[in-house]
Amino acid sequence: QQPVQSPQAVILREGEDAVINCSSSKALYSVHWYRQKHGEAPVFLMILLKGGEQKGHDKISASFNEKKQQSSLYLTASQLSYSGTYFCGTEAFGNEKLTFGTGTRLTIIP
Amino acid sequence: ETGVTQTPRHLVMGMTNKKSLKCEQHLGHNAMYWYKQSAKKPLELMFVYSLEERVENNSVPSRFSPECPNSSHLFLHLHTLQPEDSALYLCASSQDRGRGIGELFFGEGSRLTVL
């Protein structure tokens, strides 16, 4: 069963912050985050493993709450280059396969 | 060349045709994947090959037939497709270390239109 992402779409002005959520009904081993710009391949952002870790680089960070099977992606002081569709992918215990959510379309306007 | 390359980038075929999609990775990875991306749907995993053996066939119709002759190449053979098979087909590779799925590197995809 695929993870659920929210919101489905969001429009921000440059410099504003955004949070994208991903939740699963299964016990998770890891959560992946990818960004896909229109007409391009999805690009890896980060992996979070069980243990409730947080990660980040530049102004994009994420957290993983393994008790709730939820992950959140935080985009701080958004830039125009952050526009695209963000996908979370979840890997459940005992099932080495990545299942993706339906995506969150992020549009940054000047 | 670097990364993951897919050919052709665009393909139009009739329902009675036979065609193939090709994927090549230059990253030295040992796992390769086919995903299907349709409008307003999540990425759907179709096939996984690890160390050149198929480890996953995600209930994909037999009109799609994968082939992995070596760790660098992956094919998707197509025959008697249906219009609803029109989609973007993405190839990806990763390094399987035996503990969870690693970072996926995607190709730019092959846009398939079935008439």
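Nothing in this text is a laboratory measurement; each read-out follows from the coordinates by a stated rule. Source: prediction; values computed, not measured. Virtual Cβ from ideal backbone geometry, glycine too; neighbours counted across all protein chains shown.
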How well do other chains shield peptide B:101-109, expressed as the mean number of their Cβ atoms within 10 Å of each residue Cβ?
6
Residues of type lysines that A:K37 reaches as a straight line, Cα spacing below 23 Å, ignoring anything fewer than 8 places off in the same chain
A:K55, A:K59, B:K22, B:K36, B:K40, B:K41
List the aspartates and glutamates whose Cα sits under 13 Å from the Cα of B:K18, skipping any in the same chain fewer than 8 residues away.
none
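Could you compute the FRET efficiency for B:R63 and B:H10, with r as their C-beta to C-beta distance and R0 at 22 Å, rounded to 0.05?
For B:R63 and B:H10, the calculated efficiency is 0.65.
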Less than 18 Å from a label point 7 Å out along the Cα-to-Cβ axis of B:H73: which backbone N atoms in segment B:1-34 qualify, by residue?
B:1-9, B:19-34
When every alpha-carbon pair in chain B is counted, what percent end up more than 17 Å apart?
51 percent
Under 18 Å Cα-Cα from A:K26, which lysines qualify once same-chain neighbours fewer than 8 residues away are excluded?
A:K50, A:K67, A:K68, A:K97
What is the Å³ per residue value for the convex hull set by the Cα atoms of the protein assembly as shown?
124 Å³
Per DSSP loop assignment and a cutoff of at most 16 other beta carbons within 10 Å, chain A keeps its longest run without exposed GluC sites (Glu not before Pro) at A:54-110
For the protein assembly as shown, can you list the cysteines whose C-beta has no other cysteine C-beta under 4.7 Å from it?
B:C68
Distance from the Cα centre of segment B:6-24 to that of segment B:76-93, in angstrom?
8 Å
